[in-house]
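All remarks here apply to the structure that follows.
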Amino acid sequence: QVQLAEYGGGLVQPGGSLRLSCVASGSSISSIYRMNWYRQAPGKAREQVCGITSDGLTNYADSVKGRFTISRDNAKNTVFLQMDRLKPEDTAVYYCNAIPAQPPTYWGQGTQVTVSS
């Protein structure tokens, strides 16, 4: 079983930056097929922001390409989300998601990101 804990959310002004961390326990992230970041804004469906495979392949939603960067530190068992040039529409609860080679998938509890002046 995998436990995920997100850190780093908060209030930031438009144009600012935040770095989210997802710390995994119960399994090494190097053995997890895919790690993802999702977000859910009030009144909207949860959407995938980006993901990274165990081979290091990444993908990003069009809305965050060029502004967000996902990375992983296997030694720290942590996945990071660097968010730059933040916009008010990035305001959401951000969730870490782990997809092992076999079900089930796992979710963190989420961390609030608010972009506002």
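Here are the numbers for this structure:
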item: Which listed residue, of Ile52, Ile70, Ile32, is in contact with a strand residue (DSSP E or B) (Cβ under 9 Å, 6 or more places away or on another chain), of a type in the set (A, V, I, L, M, F, W, C) and modelled with pLDDT under 95; result: Ile32
item: Pairs with Cβ under 6 Å, 6+ apart, first in segment 42-57 and under 25 Å from Ser31 (Cα atoms), second surrounded by fewer than 17 Cβ atoms within 10 Å (Cβ to Cβ) and small (Gly, Ala, Ser); result: Val49/Ala61
item: Residues that are open to solvent by 60 Å² or more (accessible area, probe 1.4 Å) and on the phi > 0 side of the Ramachandran plot, drawn from segment 46-67; result: Gly66
item: Strands (runs of 3 or more DSSP E) fully within segment 3-117 counting 1 or more residues that are polar (S, T, N, Q); result: 3-7, 18-25, 34-40, 47-53, 58-60, 68-73, 78-83, 92-99, 111-115
item: Residues satisfying the stated conditions in segment 82-117, i.e. among the aliphatic types (A, V, I, L, M), open to solvent by less than 30 Å² (accessible area, probe 1.4 Å) and either touching a residue at least 60 places away in the same chain (Cβ under 8 Å) or in contact with a helix residue (DSSP H, G or I) (Cβ under 9 Å, 6 or more places away or on another chain) (or both); result: Met83, Leu86, Ala98, Val113, Val115
item: Enumeration of residues in segment 98-112 that are hydrophobic (A, V, I, L, M, F, W, C) and more than 16 Å from the chain's Cα centre (by Cα); result: Ala101
item: Qualifying residue in segment 68-75 (condition: crowded, with 18+ Cβ neighbours inside 10 Å, closer than 16 Å to Arg34 by Cα and touching a residue at least 60 places away in the same chain (Cβ under 8 Å)); result: no
item: Ser17, sole failed condition from (1) open to solvent by 50 Å² or more (accessible area, probe 1.4 Å); (2) in contact with an Asp or Glu (Cβ under 8 Å, 6 or more places away or on another chain); (3) closer than 15 Å to Cys96 by Cα; result: (3)
item: Close pairs (7 angstrom Cβ cut-off, 6 or more residues apart or separate chains): at positive phi in segment 3-31, of a type in the set (Gly, Ala, Ser) and open to solvent by less than 30 Å² (accessible area, probe 1.4 Å) anywhere; result: Gly8/Ser21
item: Index of the failed condition, Gly43 passing every other in (1) under 20 Å from Gly9 (Cα atoms); (2) surrounded by 12 or more Cβ atoms within 10 Å (Cβ to Cβ); (3) not aromatic (Phe, Trp, Tyr); result: (2)
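The values are calculated or read from the model by the stated rules, or taken from the named source; none is laboratory data. The model shown is predicted, which means the values in this text are computed figures rather than measured ones. No Cβ is skipped: glycine too gets one built from the backbone with ideal geometry, and neighbour counts run over all protein chains shown. Just so you know, the surface numbers come from the protein's heavy atoms only, side chains and all, with ligands and any DNA or RNA stripped out. Shrake-Rupley method; radii C 1.70, N 1.55, O 1.52, S 1.80 Å.
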